Structure formats: structure tokens, C-alpha cells
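One structure is given below, encoded as C-alpha cells.
The values are calculated or read from the model by the stated rules, or taken from the named source; none is laboratory data. Just so we're clear, the structure is a prediction, and the values are computed from it rather than from any experiment. Here the Cβ is made from the backbone with ideal geometry for all residues, glycine too, and neighbour counts use every protein chain on show.
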């Protein structure tokens, strides 16, 4: 909160604000002291909020025309595409919007990894963020089922079947999830219901995510604690709002490029074939944003093992703040960790690529190497490097990067270059 | 430092993607056609769409349904753009089942522009049974439902060949260079001069294949022209707005001693 209490100017506003301090909240949000050295990797929080709102608004409109029934869903999507005014636009924004949402969230997560934003005192922000990410994956998966094309049906079959790997009760759980003895109309119905619910859960978590953020304030590229407000901070409005707006517009240009010129490039052509339980597609692949996890799942010859490993790949991130032993947040001052960070990025991209390929030959080998490295990075590299690494000297503040150790005036410039 | 790392990243990713050809050796890539509807400003060739509709009506429609299209679509902007009279005449040339009437009886009547395209078979099972166990797929979104899109559809239409030595085919199975697995149950229906084009264009196999593929591409994406036109306007608007916001941002941030 800002240091001085906000007092509304008019009497009526004061009367209202005393009863429900919305104006105080507004003042807090506009004044919110933000580090002035945030780079463009920090604009993805705003972009993600935009993505969520876009998905909710387009989704509500689509739900007005969509029919969640195994015999009618595919036809209702074609009805949206052909007969609903601008239905094609709304649907393409929604389907490409999911991909843009994930693109932004992956950048947001890797930004956090690079600058140590998950570390004390921001662990709770990080964990809420991961919960949002988990819900996003659930929402995206169920949304992909709704058009009831071949990939919808078979994707749903593969993913729900994962639960049958659970010993003893696996088959019962799978039947319970389906509401039938295979993926069928009841499955589609409940997926639609949950697909409509989850975005609002995400919205609630986003409020908590931002609330938790406003307690310690933003991390920043230098990764040091700063005094707020001070010479190192700027008020959120207009400095950060205008910068976020600029970044959002650049993002929207790319978004529009997909929607208007290659609206189906990120999807799979098989999903324009109506679902057919009797015909299995040659390669069942999930959407691109789930591919790294799909690669991990398939890298294990044992089904239960694969499922455990896949879920571990996500849940290990929850304990990340305690696996990282380094006292320094930003990788800018961590010469060794920085290299490992980029290796992890390559590793995840590679897993995503082999996830799209058949699980055989060289791809299976790469998937296994990639999976092993993924876990090594978090279980071994992070604790050990954090402990052994000799970090670069850290500046005292953003404005005056004075050394904590000896005096070396030239470093001020060097730090700024790196950031 | 970060820059050189990103370079390394991109390089290793390119290396990875270059592994791709290992995957599908036996599939022949479809022929690349320079379609008029390709690219950012692509539009359909009106005459080709009308000819393509003729090929569909006289050749394909005896087995393939197009259940998501209505006759009125044929007159809408961005499509074949037949005149209102032509659309009415096309629709009226089909007998459509309607009902039940006040007596509870089903009856047939001439088609109206608001009717969906009449399907050749009453249901999927009937279509499958009449075609040697292979369902002729509905063609409404066929171009979007096949990897390779329009190029693939065109390639299959012109890709019939005698089977190479050593390949034996069952009855009712044909060899096609571009079809996955090279075996197709649809016979080669196109031959030179098969249809008599109303506009006098010579109906070679290649011409008919291109026209009907264009028609199918429109059927799958009837919004394509509007989408391209709107897209260009949207991008121009966004770019201008981005420039204005960028300049405002520079101005606002010039008040303090920090870079954006």
C-alpha cells in the first residue's frame, strides 16, 4: 500500500469509500510503486489478463450457439462458422486465443525462472501461478474436446485412460470420469460444464495472484529488494500501464496474424473430421502447448510410471522455491545457473518437438534424455549450483548500483548493459 | 550474453527440426498449386468456383454429401456469387423431403435457397454400403480436414496411376500416388471432356480438378475473403495504434531518468 492514506475529494465519494473502500483500492492500484527497470518480459502479466478476459468473453458468446451433444456438437460448430454473424471470427479468436494464452504463460513462467521471481518472499505468488497454469491446462484440454472432432474424441480417450493406470481403483475412476463405459455423450456434457466453470476459478486465482504480488511488490531484473516508494520505483499508472499497453498491442498484432491469416495452423486437420469411435487416427497428438508433458508421458515404457512422471514434471515446480539454494535471485548475476537456464529452455523445446513425433527410434531416445535432464535440472542442478556458484557482485539499488563489496564504478554501466 | 544464448537456442532447434524428413519417407508430397486464394490478400476465382460447383454437382454429388452448405451460400458474397435467379433455379432442381404436413405425412417439394445441400444417401450406413464399404466423406470441410489442404485434394484427383509391379489391388481399390498408403476406394472419375462447362472452358482433367478443389476450398472456408479483408484492416489499425502508444510511452517515460 502507498504510504499516505487515500482521501476521496467529494463528500459522496468519501461516504461510499468509508463503507466499501473501492476508491482506496483504485488509488492503491494506480499508485502501486513498481521498479522502474522492469523490461518487456514483465509485460506478460498484463497480456495474460487480456488473454483470460478474451477467452471468457468469446467463450460466453460461443456457448450461446454451441450444442454440447455428441450428435450435434460438430454441426453446431459448423453452424457457428457459417451462419452466426462473425461466428468464424469469434471461434477463431477463441481457438487461437488458447494458443496465445499458453505462449504468454510460458514466457511468463520462464521469466520467473530466469529472474528468480519464485524465491522468497514470493513463493505464494509462484504457487498460485502454478495452480492457474494447471487449471489452464485442464480448461484447454476440455475445450479441445468440445468440437467433437477426431482429435477431440481420441485426445479425450487417451488422457482419461491415463487414470486407469492407478492401481486397484483405476478402471472405476475412469468410468466415473466418463459417465459411461467409453468417452461418450455424458463425457462431452460434463467437459462442457467444467470448461465453462474453470475460467472463473482462474479469474479468482488471478485476483489472489495479484494480491499476493502487491504484498512484497514486483521482483525486477536486478533481483534486489528495493525501497518503495523511492527513486527506484515509478507509480503503476501511467508508467507501467502505457508500457503494458504497448507490449499488449504488439502481442495483438501477432494474435491477429494467426486469427485472420492462418487460423488453423496451430490445430490438427483431423479435428475437422467428426468424431468416430471406430476409426483411430494414425497419430494422436495433443495441442502444441501440452507436447512436452506428452513426451515425458510416452518416454516411460510403463503406463503408471509415465503418468507419475508426467504429473511429477508439473508438481516438482511447486517445491522449486525450496530446491533453489542460491541467495541471489536474478540469473543476471549467476554466470553458471544462467547457462543451465538456457539448457533447460532448449530441453523443454526439444521435449515439445519429440512429443509431436511418433514415440519410436531417435525420438524415443531424445524424449528419454530430455526427460532425465528435465528432472536433473530441478533436483540436482538447482540445489548444487546454488550452493557452489560464485555469483557476480550485486548492486545496492537500481538507481545507484553501488557495490556491496569493493568500489568499482564501471560496474554500474555493466549491470545496466546486462539488464 | 543473452543474445548469443538465444542464437545457440535457435540453432539447436533448427538442427532438431531438420530431423523431420526421417519420419515419413513413403508419403509423396502433394503438388504445390499457386491458388488464387493463397496469401494475405487471396481471393477466390469466381469463374473457377462456378465451374467447380458444376463439377461437384455433375460428378462428386452422386456419392459425396455437403451437408453443412445451403443453396443460398452459392449466391453470397465471397463465394461463386450466382445471381438470385440462378440460386433459386439450382435449389429448385432438387426434390427435398419436408414435413410432416398437417396429416402427419412426409412429402417432397422443390428445393428453396434456404435448404441444405441434398445428400445422396439417407445416412452414413447407406452411403458406406453403396460404396463397397468405404464411406465417401462429407465434403463441407474436407479441405480443412486433410493435411496439405487444397494441394492434397487436387493431387489425389490427378494422382491416379497404374500400380507399380508387385502391388496387387483388390476389386474396387485403386492406386493413387498421393493418397496415404496409396490405396483409394474412390475410382478415377475425371476424364477429359467429362463435363461441358457453361463458360466454354476446355474441361481437361487438370482444369476440372483445379476448379472443383477451388470450390471445395471455398466450401470449407466461405469466410476466407472477408477474413483476409478484415484482417488487413485490423492489422493496419493495430500498427497505427501501436505507433501512437509507443510515442506516448516515450514521452511519458522521458519525465524520469530511465529507459523503456
Which listed residue, of B:119, B:65, B:140, B:114, is in contact (Cβ under 8 Å) with a residue 40 or more places away in the chain, over 30 Å from residue B:182 (Cβ atoms) and assigned to a loop (DSSP other than H, G, I, E, B): B:114
Reported set for the stretch A:259-284 where residues are buried (at least 20 other Cβ atoms within 10 Å of the Cβ) and more than 10 Å from every other protein chain (Cβ to nearest Cβ) is A:275
Across the stretch A:86-113, the tally of residues that are more than 11 Å from chain B (Cβ to nearest Cβ) and more than 20 Å from the chain's Cα centre (by Cα) stands at 1
Per-region count, the stretch B:234-260, residues in contact with a helix residue (DSSP H, G or I) (Cβ under 8 Å, 6 or more places away or on another chain) and either touching a residue at least 60 places away in the same chain (Cβ under 8 Å) or closer than 30 Å to residue B:43 by Cα (or both): 6
Just one of A:346, A:362, A:316 is at pLDDT 95 or above, surrounded by 15 or more Cβ atoms within 10 Å (Cβ to Cβ) and within 14 Å of chain B (Cβ to nearest Cβ); which is it? A:346
I'd like the full set of residues that are within 29 Å of the chain's Cα centre (by Cα) and surrounded by fewer than 19 Cβ atoms within 10 Å (Cβ to Cβ), limited to the stretch A:68-80. none
What is the number of the single condition among (1) closer than 30 Å to residue A:143 by Cβ; (2) out of contact with any helix residue (DSSP H, G or I) (no Cβ under 9 Å at 6 or more places or on another chain) that residue A:349 does not meet? (2)
Limited to the stretch B:152-186, what total is found for residues that are in contact with a helix residue (DSSP H, G or I) (Cβ under 7 Å, 6 or more places away or on another chain), free of Cβ contacts under 8 Å to residues at least 24 places away in the same chain and not in a loop (DSSP other than H, G, I, E, B)? 2
Those residues that are over 17 Å from residue A:151 (Cβ atoms) and more than 9 Å from chain B (Cβ to nearest Cβ), I need them from the stretch A:64-85; list them, please. A:64, A:65, A:66, A:67, A:68, A:69, A:71, A:72, A:76, A:80, A:84, A:85
Residues of the stretch B:221-233 being free of Cβ contacts under 8 Å to residues at least 12 places away in the same chain and within 13 Å of residue A:263 (Cβ to Cβ), which ones? B:227, B:230
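Within the stretch A:117-153, can you find the residues that are in a loop (DSSP other than H, G, I, E, B) and under 20 Å from residue A:72 (Cα atoms)? Show your work before the answer.
Let us first name the residues in the stretch A:117-153 that are in a loop (DSSP other than H, G, I, E, B), namely A:117-122, A:146-148.
Selection gives A:146, A:147, A:148.
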Please work out which one of (1) more than 13 Å from chain B (Cβ to nearest Cβ); (2) buried (at least 18 other Cβ atoms within 10 Å of the Cβ); (3) under 31 Å from the mean Cα position of the chain (by Cα) is the condition residue A:29 fails and give its number. (2)
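Out of the residues in the stretch A:229-240 that are in contact (Cβ under 8 Å) with a residue 24 or more places away in the chain and touching a helix residue (DSSP H, G or I) at 6+ places or on another chain (Cβ under 9 Å), state the one that is farthest from residue B:242 (Cα to Cα).
Step one: filter the stretch A:229-240 for residues in contact (Cβ under 8 Å) with a residue 24 or more places away in the chain, giving A:229-237, A:239-240.
Now drop any that are not touching a helix residue (DSSP H, G or I) at 6+ places or on another chain (Cβ under 9 Å), which leaves A:229, A:234-237, A:239-240.
Values: A:229: 30, A:234: 22, A:235: 22, A:236: 20, A:237: 18, A:239: 16, A:240: 15 Å.
Applying the filter and picking the extreme gives A:229.
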Residues in the stretch B:209-260 that are more than 7 Å from chain A (Cβ to nearest Cβ) and closer than 30 Å to residue A:221 by Cβ: how many? 9
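Quick one: would you say residue A:238 is modelled with pLDDT of 95 or more, within 10 Å of chain B (Cβ to nearest Cβ) and over 21 Å from the mean Cα position of the chain (by Cα)? Write out each step before concluding.
Details: modelled with pLDDT of 95 or more: yes; within 10 Å of chain B (Cβ to nearest Cβ): yes; over 21 Å from the mean Cα position of the chain (by Cα): yes.
It is true that residue A:238 is modelled with pLDDT of 95 or more, within 10 Å of chain B (Cβ to nearest Cβ) and over 21 Å from the mean Cα position of the chain (by Cα).
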